[in-house]
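The next block holds one structure in the form of structure tokens; read it before the comments.
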Amino acid sequence: MWRIFNMNKRLILLCAASLFSCLSSAASYEKVITNGQGETLDQAIDVSLRRAVEQVSGVSIESARTSLLTSTNNGKTKQLNDSMADGTATYSRGNVKYKVLHEKCSSYGCEVKLEVKVEVDPREKIKDQNAKRRTIAVGSFSGPKGTIIGKKVEELLVQDRKFKVLYDRLDPTLQYFVTGQVVTANTNKSVVDNSRTVELTGESIKDVKTYYSSKVLVKFQILDVVNNQVKWSATIPTTSSRNNLNLLVDIASKKIFNQLKDNIYPLVVLVGDNGSLVLNSGGNTVKQGQYFDVFNLGEKFIDPVTKESLGHDEIKVATIEVTKVLPKFAYAKVVKGNIAEIENHSIARKSAYTKSKRKHTEHAKPKVVKPKEEKKTTGIIL
């Protein structure tokens, strides 16, 4: 039988610098097996339950360990404070359920073995997974097609999995904020009619041509919220001589995403033990067949005035081509340079490299020189 270890039975509280709230509606349980020893059976169970919470939820350790036991006696609630002898205090949040697998008491004390289900909030685990990710939010893009572009940039950030994309732009953990203005997003159409009639024959020739000119011009900024400064500002033009405005909107959105990612999270090349090369990004952010220049990081430069890091010296060592794209990463191969020179955690930036077309020359057949034929003279020779 499962016993409930909660506010009505035993309570282990979190004694930390800040208070934590438990959202039971979003909670689930995680099961562990623990052992505990104590002078009494209750103390042994307390120790075992505390260890279970330590394994699952994590705890804060203070200078004195206190176990708060709550029991009911004749309808009245009394609180028992039992200071443990080891001089540290541990507390946790939430409720636990447990069942006793084994218990044994003697003149030396009691020991128990419990199967414990610790209540956890799944959102806490998500927070732990995202702890090392930069937080970013995408603001509104004004102007024509601005809403669409802002939404596409946000989708690319989510798919990239390198950022923790925040919905609440007032979140105190926000580090970067992206905003912009679509200056132009339109397609101009012009019709040139050169139709004419041939005077000699009276034939009518229809000659009507339609020309298109599409353009998307976006100004955007990356704001460093923590340092209250503009980290990057750029204007991105995208043009076409076709009636393809929607395609240009997609291209402009990807350009914005690539620039902000290069400034915050440049692509990193990972070198496997077997010599394989992997880019730490996948999904829709890279494509098979794309080329990237690989740079090893050299000396770090410091601004002599502000004492801020200006970045590292970048030494180009190779050019790679993406060969396979997976949801979280992509495989690549070297097309120029030496793979042995690529260091682990090198930086990859988009390359202007283009693969030259090889001309397949067939072996020329030797020309057969025909012997000159002697001219034959016909007629009467005088």
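Rule-based calculations on the coordinates, nothing more; no lab input. All values derive from a computational prediction rather than experimental measurement. Cβ placement follows ideal geometry from the backbone for every residue including glycine, while neighbour counts extend to all protein chains displayed.
Observations on the model:
- Cubic angstrom per residue, convex hull over Cα atoms of the stretch 266-354: 108
- Label zone (Ser276, point 7 Å along Cα-to-C-beta; backbone nitrogen cut-off 16 Å) within the stretch 146-164: none.
- Theoretical FRET efficiency, 1/(1+(r/R0)^6), r = Cβ-Cβ of Ile205 and Thr306, R0 56 Å, to 0.05: 0.20
- Our estimate of slack between Asp313 and Trp232, defined as 0.36 nm per intervening residue step minus the Cα-Cα distance, is 27.2 nm.
- In the stretch 172-315, inverting the average of 1/r over every pair of distinct C-alpha atoms gives 20.1 Å as the Kirkwood radius.
- Using a simple spin-label model with pseudo-atoms 7 Å out from Cα toward Cβ, Lys333 and Ser240 lie 3.1 nm apart.
- When the trypsin sites (Lys or Arg not before Pro) in the stretch 154-251 are filtered for DSSP coil states and for at most 15 other beta-carbon atoms within 10 Å of their beta-carbon, the remaining sites are Arg169, Lys206, Arg242.
- The stretch 266-354, relative contact order in percent, only Cα pairs under 8 angstrom and at least six apart counted: 39
- Ranked packing of 337-347, 146-156, most packed first, by mean Cβ within 10 Å: 146-156, 337-347
- Each residue of the stretch 109-260 gets 172 Å³ once the volume of the Cα convex hull is shared out per residue.
- Packing order of peptides 272-281, 100-109, highest average first: 272-281, 100-109 (average count of other Cβ atoms within 10 Å over each peptide's residues).
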